[in-house]
Amino acid sequence: MKRIGVALLVLMLVASACVPAATPTPERIVETRVIERTVPVEKTVEVTKVIPTLTVIGPWAGAEMEQFLPVLRAAEQKLGVQIRYRIYRAEDLSQVLPPQFEAKQAPGDVIFMWDWWIRENKDHAVDLTDLWQKEANQFVLQPSAVDGRIYAVPYVLFVKPGFWYKKSFFQKHNLQPPTTWEEFLALLDQISRIPGIKKAIISGDGVGWPLSDITEHFLITFGGPELQENLIAGKVRFTDPQVRAIFAERLVPLLGKYFSDPVEWTQAIDLWWNEEYGLFFMGNWLTGMVKDPNDLGVFTLPGARGVVGGTDWAFIPKYSENVEAAKQLIAFMISKEGMEIRAKQGGKLASRKDISPDVYPPADRALAEALAKVERPNVPDLDDTVGGDWQRTFWDQLKLLWVRPQALDSVLRTLDARFPTR
Amino acid sequence: MSAWRWWRQIGRWGSFLGFTAPALLLILFLIILPALQTIVLSFTDRQGNFVGLQNFAQVLSDPDTFNLTSFPPGPPPWGSIVHNAVWIMLHLPLTVGLGLILAVLLDRARGATFLKSIIFLGMVTPMIVGGVIIRFLFDENAGIVTAVLRAVGLTELGRSWTAYPETALPALILGSVWLWVGFSMILYSAGLATIPRDYYEAAAVDGAGPFQQFWYITIPSLRPVTMVIVAMTILWELKLFDIVYTATLGGPGGATMVLALQMYFYAFRALEFQRAATVATLLTLFTLIVGLWFVRTMRSSE
């Protein structure tokens, strides 16, 4: 009996090693409502109609969520459905969804996720080809498709336009947005000399972005949007002399001197807004995250012919119990009406061509008008498009490069060796 | 054997099975079978064909597992296996030693219960939250540790520890000592309460000082407790995940990558389930070693 007990103990210890430790699945149910309501039909007859409750899962929390919820409220009115919104980051969904799908379950009816991930898991997604084709020519982005079938549609546009600054800070210190590379370097010098300034640029850090966004902005500026596209396609390697030169001659010399160490990005917003740093590179959702969006100014690196523009992709899992209602919801969200409601809230730009800039709040309108002059306002995001574990590697290697610039060649070799097509 | 004895024997086995079967079935179907399936998966390719040790060769030659180009005493990253080993080498003696010291110092001290509760708070903090706290503890702008270091003139250590490959792993290890030391302290406190006071009184009569009493009475008496603490701590260190995930995501440049996190990335980022199963099998192997050592040691002390 004693031996059996010992054997069981060993087996339990061994088996426990195969069970991974708890992993994060942050979730917040924003709204829950009853699903049945008595609806009067004609004057004398009352029937109980089941009103579908749709669950929408998206990555937006805080101010970004507040900007998105009016769209869902409008959809409830328009479609006669109940909608609850849950927050899950794509990183967490990538862990939650596979076992759910294997069990033919889905945690939501409409889910926002990475484009590459949806393509990898297309067998679990509803075909949205018919839905998309009704207004296909109205969009500035292409849908997520495999073999001609569409499995996810792009929602609103985010762009990574360049370096943000406070207009009041620039006025106070007599600074001007640069028009040449030399002026950019001179600006960084001027900012660095201002008393109280720790570094000219604060480097935000999420899980590795926006360091990746800064890097891509340099690649696009000095190699053109084509270089970014060729890197994504695997036609140009990270060890290519052109790529290395951009890193070595343009980005790396600025790292220790003008860029701060990576700072958690929401904390970075406060530090920058408190004028401990002069510039901050971030996507346009920043307009919804600062105290006074009207004080915001932004400039691209001089000579940039394009900026990264991306979107969040909406798909419907096959295992949703409300596929038709979910399709109607997506159709509403990407309709002109739905898109205008979202654009009015600020922080994102419409991905439709027929949305007037007048719809936006002032800061977003200025950005939309500025982007209209950029040759390529929607260059695909390098790491989002390549995806997979390479995306994590890209973020992680850039975090290393930021604090150890002398590791450039090792970083480029790692990025090249781990690229999916190698 | 008489019929009566035979029936009694059957009855004993029936009772044993009746009481243990529900738990055994749960363990069998929810833990042992999935674990065996994971081991099988580590020897197959995506199509389910047997590939021998190919997955093991690929995982072990991955720089994320073993980085031979940058090995101690060179700077990290050294690879997940080495990082786990470093974690054990530093975290284990620190938590065991500190836990023992705290337990002895707070034994019968005034306000000991309150102080122990404060120290134990780290243990009841979810490790996911613990990781975030560690990140901010060692942050240049928000961190109390970096602020203190700057205040005492160590400006070089006043920067964000988790941003630099040289300091990221030490930050996580030191932070996790704070989170885990409550466990060893509580167990040692319980162990101290079981040592008869007569031992100390007899030793005092024989002229033994406090240090001799501690060395010759306290430490040997706490040996079974120490075994439990060491085994549980090593197992925890082997399957570390949540702290690293939220504090550094294994970075920068893989400087804090650990086996469980690598397994997660293989499975849920690279979608390479065979490699993930391989790491899980390696973890199982390491755990098995610790488990066997623990059981043998316990049996020999009995």
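Worth a mention:
- Only listed residue being without any contact (Cβ under 8 Å) to a residue 60 or more places away in the chain, assigned to a helix (DSSP H, G or I) and of a type in the set (A, V, I, L, M, F, W, C), chosen from B:168, B:202: B:202
- Output for the stretch B:114-132, where each listed residue is part of a helix (DSSP H, G or I), over 21 Å from residue B:166 (Cβ atoms) and within 13 Å of chain A (Cβ to nearest Cβ): B:127, B:128, B:129, B:130, B:132
- Residues in the stretch B:258-302 that are within 9 Å of chain A (Cβ to nearest Cβ) and assigned to a loop (DSSP other than H, G, I, E, B) were compared, and the one that is modelled with the highest pLDDT is B:272.
Quick grid of which residues meet (1) closer than 30 Å to residue A:419 by Cα; (2) without any contact (Cβ under 8 Å) to a residue 12 or more places away in the chain; (3) not assigned by TED's automatic domain parsing to the domain that holds residue B:75:
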site	(1), (2), (3)
B:178	no, no, no
B:191	no, no, no
B:197	no, yes, no
B:210	no, yes, no
B:217	no, no, no
B:228	no, no, no
B:240	yes, no, no
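- Here the condition is being closer than 15 Å to residue A:300 by Cα and open to solvent by 10 Å² or more (accessible area, probe 1.4 Å); of A:222, A:218, it holds for A:222 alone.
- Any pair with Cβ under 7 angstrom, 6 or more apart, that starts in the stretch B:274-298 at a residue that is in contact (Cβ under 8 Å) with a residue 24 or more places away in the chain and ends at one that is among the charged types (D, E, K, R): B:274/B:45; B:274/B:46; B:283/B:239
- Scanning the stretch B:235-255 for residues that are open to solvent by less than 20 Å² (accessible area, probe 1.4 Å) and under 13 Å from residue B:162 (Cβ atoms) yields B:243, B:244, B:245, B:247, B:248, B:250, B:251, B:252, B:253, B:255.
- Within the stretch A:292-324, if we keep just the residues that are charged (D, E, K, R) and closer than 30 Å to residue A:226 by Cα, the residue that is surrounded by the most Cβ atoms within 10 Å (Cβ to Cβ) turns out to be A:312.
Quick grid of which residues meet (1) on the phi > 0 side of the Ramachandran plot; (2) surrounded by 15 or more Cβ atoms within 10 Å (Cβ to Cβ); (3) at pLDDT 90 or above:
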{"position": "B:3", "(1), (2), (3)": "no, no, no"}
{"position": "B:11", "(1), (2), (3)": "no, no, no"}
{"position": "B:24", "(1), (2), (3)": "no, no, yes"}
{"position": "B:40", "(1), (2), (3)": "no, no, yes"}
{"position": "B:43", "(1), (2), (3)": "no, yes, yes"}
{"position": "B:55", "(1), (2), (3)": "no, yes, yes"}
{"position": "B:58", "(1), (2), (3)": "no, yes, yes"}
{"position": "B:79", "(1), (2), (3)": "yes, yes, yes"}
{"position": "B:96", "(1), (2), (3)": "no, yes, yes"}
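- Note on the stretch A:376-398: among residues that are among the polar types (S, T, N, Q) and surrounded by 21 or more Cβ atoms within 10 Å (Cβ to Cβ), the one that is nearest to residue A:337 (Cα to Cα) is A:378.
- Qualifying positions in the stretch A:118-162 - more than 15 Å from the chain's Cα centre (by Cα) and hydroxyl-bearing (Ser, Thr, Tyr): A:129, A:144, A:151
- Pair list, Cβ < 6 Å and 6+ apart or interchain, from the stretch A:86-106 residues that are closer than 17 Å to residue A:314 by Cα and assigned by TED's automatic domain parsing to the domain that holds residue A:321 to residues that are aliphatic (A, V, I, L, M) and open to solvent by less than 20 Å² (accessible area, probe 1.4 Å): A:86/A:57; A:88/A:57; A:90/A:113; A:93/A:113
- Filtering the stretch B:221-255 to residues that are facing chain A (nearest Cβ under 10 Å) and in a loop (DSSP other than H, G, I, E, B) leaves B:239, B:240, B:241, B:248, B:249, B:250, B:251, B:252, B:253, B:254, B:255.
- Residue A:147 acidic (Asp, Glu) and closer than 18 Å to residue A:111 by Cβ: no
- Residue check for residue B:144: touching a Phe, Trp or Tyr at 6+ places or on another chain (Cβ under 9 Å), open to solvent by 70 Å² or more (accessible area, probe 1.4 Å) and either free of Cβ contacts under 8 Å to residues at least 24 places away in the same chain or at positive phi (or both): yes
- Test: residue in the stretch A:362-375 that is surrounded by fewer than 21 Cβ atoms within 10 Å (Cβ to Cβ), assigned to a loop (DSSP other than H, G, I, E, B) and within 14 Å of chain B (Cβ to nearest Cβ): no
- Where a residue in the stretch A:280-291 is open to solvent by less than 20 Å² (accessible area, probe 1.4 Å) and its partner, wherever it lies, is among the acidic types (Asp, Glu), with Cβ under 8 Å and at least six apart: A:281/A:213; A:282/A:213; A:283/A:213; A:284/A:364; A:287/A:364
- Filtered residues of the stretch A:233-249 (kept if assigned to a helix (DSSP H, G or I) and either closer than 19 Å to residue A:181 by Cβ or acidic (Asp, Glu) (or both)): A:242, A:243, A:244, A:245, A:246, A:247, A:248, A:249
- Residue list for the stretch A:325-337, restricted to those being in contact with a helix residue (DSSP H, G or I) (Cβ under 7 Å, 6 or more places away or on another chain) and either crowded, with 24+ Cβ neighbours inside 10 Å or among the β-branched types (Val, Ile, Thr) (or both): A:329, A:330
- When B:85, B:109 are checked against the criterion of being open to solvent by less than 50 Å² (accessible area, probe 1.4 Å), modelled with pLDDT under 90 and more than 14 Å from chain A (Cβ to nearest Cβ), a single residue qualifies: B:109.
- When residue B:49 is tested against (1) surrounded by 10 or more Cβ atoms within 10 Å (Cβ to Cβ); (2) within 30 Å of residue B:270 (Cβ to Cβ); (3) over 27 Å from the mean Cα position of the chain (by Cα), exactly one condition is not met: (1).
- Looking only at residues in the stretch A:404-418 that are farther than 17 Å from residue A:386 by Cβ and open to solvent by less than 20 Å² (accessible area, probe 1.4 Å), the one that is farthest from the other protein chains (Cβ to nearest Cβ) is A:408.
- Checked against (1) open to solvent by 10 Å² or more (accessible area, probe 1.4 Å); (2) touching a residue at least 24 places away in the same chain (Cβ under 8 Å); (3) in contact with a Gly (Cβ under 8 Å, 6 or more places away or on another chain), residue A:354 passes all but a single condition, namely (3).
- Filter result for the condition that a residue is at pLDDT 90 or above and either surrounded by fewer than 17 Cβ atoms within 10 Å (Cβ to Cβ) or away from chain A (no Cβ under 14 Å) (or both), over B:135, B:150: B:150
- Taken as a whole, the condition of being polar (S, T, N, Q), surrounded by 17 or more Cβ atoms within 10 Å (Cβ to Cβ) and assigned to a helix (DSSP H, G or I) does not apply to residue B:67.
The values are calculated or read from the model by the stated rules, or taken from the named source; none is laboratory data. Note that the structure is a prediction, hence the values are computed from the model and not measured. Cβ coordinates were reconstructed from backbone atoms using ideal geometry, including for glycine residues, and neighbour counts include every protein chain displayed. Each accessible area value is taken on the protein alone, full model and side chains, heavy atoms only, with ligands, DNA and RNA left out. Shrake-Rupley method; radii C 1.70, N 1.55, O 1.52, S 1.80 Å.
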